[in-house]
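Everything below concerns the one structure shown next.
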Amino acid sequence: MKNYLKRLDLHNTKITSAILVFTALVLTANHAFAAYKTVKTIDSIKASIIVSPKMVDVYIKDVDTNKVITDATAKVLVTYPSGKEVEVKLMGMKMGEIYSYMNSTELTESGTYKLTIEITRAEKTTTFDVEATLK
């Protein structure tokens, strides 16, 4: 499997979406919540974002160079449906040949969560705003 993934440019194939959705489904299999997934591009950074009740996972790529970004710092401000706010640092991790920024969360309230994800690279911060409804 590792050799197969090495040969793929995961951000340019339909396999990326399948892997991201599969990962989110596995992480949420024991919960009544559905995972939320979106892809956004801002300031030449493409972010594939997965939000599940137990994890926020962000895969980022430089659109200009077509390369995965591994030299950034990332954090997310999570606003719960009740208004409670929690800031979480997203840790950069390589799992096999895939690199992402992730951390665990406890999204236990039903309703719409607002997430502000900040990616900082070379002293420039790019912000992605996401709303995810978990039931």
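Here, each number is a calculation from the coordinates, and none is a lab measurement. As the structure is a computational prediction, the values presented were derived from the model and not from experiment. Note that we place each Cβ from the backbone using ideal geometry, even for glycine, and neighbour counts take in every protein chain shown.
What is the fewest-to-most order of 62, 71, 57 by other Cβ atoms lying within 10 Å of their Cβ?
Values: 62 15, 71 8, 57 22.
By the 10 Å Cβ count, ascending, the order reads 71, 62, 57.
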- Query: Where in region 64-111 are there GluC sites (Glu not before Pro) that are in a DSSP coil and have at most 13 other Cβ atoms within 10 angstrom of their Cβ?
  - Reply: 106, 109
